[in-house]
């Protein structure tokens, strides 16, 4: 059976859409979405829907404008409605993560569907994507609510999101593109081993396929069983979750701590991780298993009010009666030890620290995010905990590979720093007492991380243009 025949059979058997539906196709100009667009246009008239094309230009690659123009001309030639938008990075975003991009992309898709009356949004996720997603979530430590893989259909506010290519492999799509001489663009980052998804695709999957050529089908069966398990667990957890969750004035879900603590630990864990999915993870905030266990321990403690810091200024806070996610812009984390006169602060992973009005440091996991290099420092696990403090007499940093040092006081003089600027400077020191950074002006040669090091974090520095208030210690 050809891919075209299998696609038609999938649409027909699953009743994904009909000729009366208006289908918006998300197209990036990569091979997956160009194959999907071609397959949709070749459907028989009895199931051939009205088709429109939507393209979200992230503006992060040099060829993005060329790709958008190519797709615009393609749609003009095929007489297909075309909608596009170029993303403008909000000024308050420091870290451009996959979650941030996805949120912006789907906000645009939602708007086009609503404004133009599309009943379906179709994306080109395929079976190999499904396998990669499951493996990534297993490796990074996801929860059962997020382990169901990619679903074929999902009801959204104004339309049905459909992924009709989950039965096909990446190789199937490439073969189809070659057979039908389809034009498409290849994202250069797809071959880079820098990204985990590419290492899974290029290094892991060939080994898995060598062990079992039918691995794609087995992963599909595994995801199906996982979804059945999730459904059964939900029958127990959902009623309890509904009973324990209330909403504040901003419609943010918070947990009833008193009722939560009456439940057995197993149910506490399932309810709490479901709440994390609805609050923390949905905002693109990273939280690992160690942090989850620490928060649960905090919730179960006798302390009436405590807070656990997450990245981006977010905190999980407990009171006598509630568990909630709050944003504290001016909060010194509980995990940070501060000396009596506020001269230095100690930071470890997950801490968000305001050292003075308008100046904040955050220590986060790198994941697959993009950072402003001027305002961020790569940190190794062996560097932790970090110390953030004012410069001290004798402080020096390593300038080059030869190990030559320069005193910070001399650096100030050479760069003609005024006394006020010197007095307001901060330095970042690792656990060995070595100066790594004078943020955001000068980094030590020690901050250049060898490629062989696996575990890396980022210390983010943020200074507001205008601020007021007292320094919090």
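The values are calculated or read from the model by the stated rules, or taken from the named source; none is laboratory data. The shown structure was predicted, so the numbers you read here are calculated from the model rather than taken from an experiment. Here Cβ is always computed from backbone atoms with ideal geometry, including for glycine, and neighbour counts include all displayed protein chains.
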Q: Would you mind stating whether residue 226 is within 25 Å of the chain's Cα centre (by Cα) and assigned to a helix (DSSP H, G or I)?
A: yes
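Going through segment 112-122 one residue at a time, which ones are in a loop (DSSP other than H, G, I, E, B) and either touching a helix residue (DSSP H, G or I) at 6+ places or on another chain (Cβ under 6 Å) or surrounded by fewer than 23 Cβ atoms within 10 Å (Cβ to Cβ) (or both)?
Taking segment 112-122 and keeping what is in a loop (DSSP other than H, G, I, E, B), we get 117-119.
The answer is 117, 119.
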Q: Would you check which residues across segment 52-67 are out of contact with any helix residue (DSSP H, G or I) (no Cβ under 6 Å at 6 or more places or on another chain) and in a strand (DSSP E or B) and list them?
A: 52
Q) Going by the structure shown, is residue 416 at pLDDT 85 or above, assigned by TED's automatic domain parsing to the domain that holds residue 379 and part of a loop (DSSP other than H, G, I, E, B)? A) yes
Q: Please find, among 244, 165, 255, 205, the residue that is in contact with a strand residue (DSSP E or B) (Cβ under 7 Å, 6 or more places away or on another chain), in contact (Cβ under 8 Å) with a residue 24 or more places away in the chain, surrounded by 15 or more Cβ atoms within 10 Å (Cβ to Cβ) and more than 26 Å from residue 291 (Cβ to Cβ).
A: 165
Q) All but one of (1) at pLDDT 70 or above; (2) farther than 26 Å from residue 430 by Cβ hold for residue 355; which doesn't? A) (2)
(Q) Looking at the structure I just gave you, is residue 217 surrounded by 12 or more Cβ atoms within 10 Å (Cβ to Cβ) and assigned by TED's automatic domain parsing to the domain that holds residue 133? (A) no
(Q) Among the numbered criteria (1) over 21 Å from the mean Cα position of the chain (by Cα); (2) outside any loop (DSSP other than H, G, I, E, B); (3) touching a residue at least 40 places away in the same chain (Cβ under 8 Å), which one does residue 218 miss? (A) (3)
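Mind telling me which of the residues 140, 133 ends up being crowded, with 19+ Cβ neighbours inside 10 Å, within 22 Å of the chain's Cα centre (by Cα) and in the same structural domain as residue 10 (by TED's automatic domain parsing)?
On the way: 140 fails: crowded, with 19+ Cβ neighbours inside 10 Å.
The match here is 133.
Hey, does segment 179-192 have a residue that's in a helix (DSSP H, G or I) and modelled with pLDDT of 90 or more? First the steps, then the outcome.
If we filter segment 179-192 for residues that are in a helix (DSSP H, G or I), which is where we start, we get 179, 188-191.
Next, from what is left, pick out any that are modelled with pLDDT of 90 or more: 179.
Among the residues of segment 179-192, at least one is in a helix (DSSP H, G or I) and modelled with pLDDT of 90 or more, which makes the answer yes.
Looking at 393, 440 in this structure, which one is at pLDDT below 90, assigned to a loop (DSSP other than H, G, I, E, B) and within 24 Å of residue 457 (Cβ to Cβ)? Before the answer, list the steps.
Values: 393 fails: within 24 Å of residue 457 (Cβ to Cβ).
None of the other options fit; the residue is 440.
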Q: Within segment 399-412, identify whether any single residue is over 30 Å from residue 315 (Cβ atoms), in contact (Cβ under 8 Å) with a residue 40 or more places away in the chain, touching a strand residue (DSSP E or B) at 6+ places or on another chain (Cβ under 6 Å) and surrounded by 11 or more Cβ atoms within 10 Å (Cβ to Cβ), and answer yes or no.
A: yes
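Looking at segment 278-319, which of its residues are part of a loop (DSSP other than H, G, I, E, B) and either on the phi > 0 side of the Ramachandran plot or modelled with pLDDT of 80 or more (or both)?
Within segment 278-319, 279, 280, 284, 285, 287, 288, 301, 310, 319 qualify.
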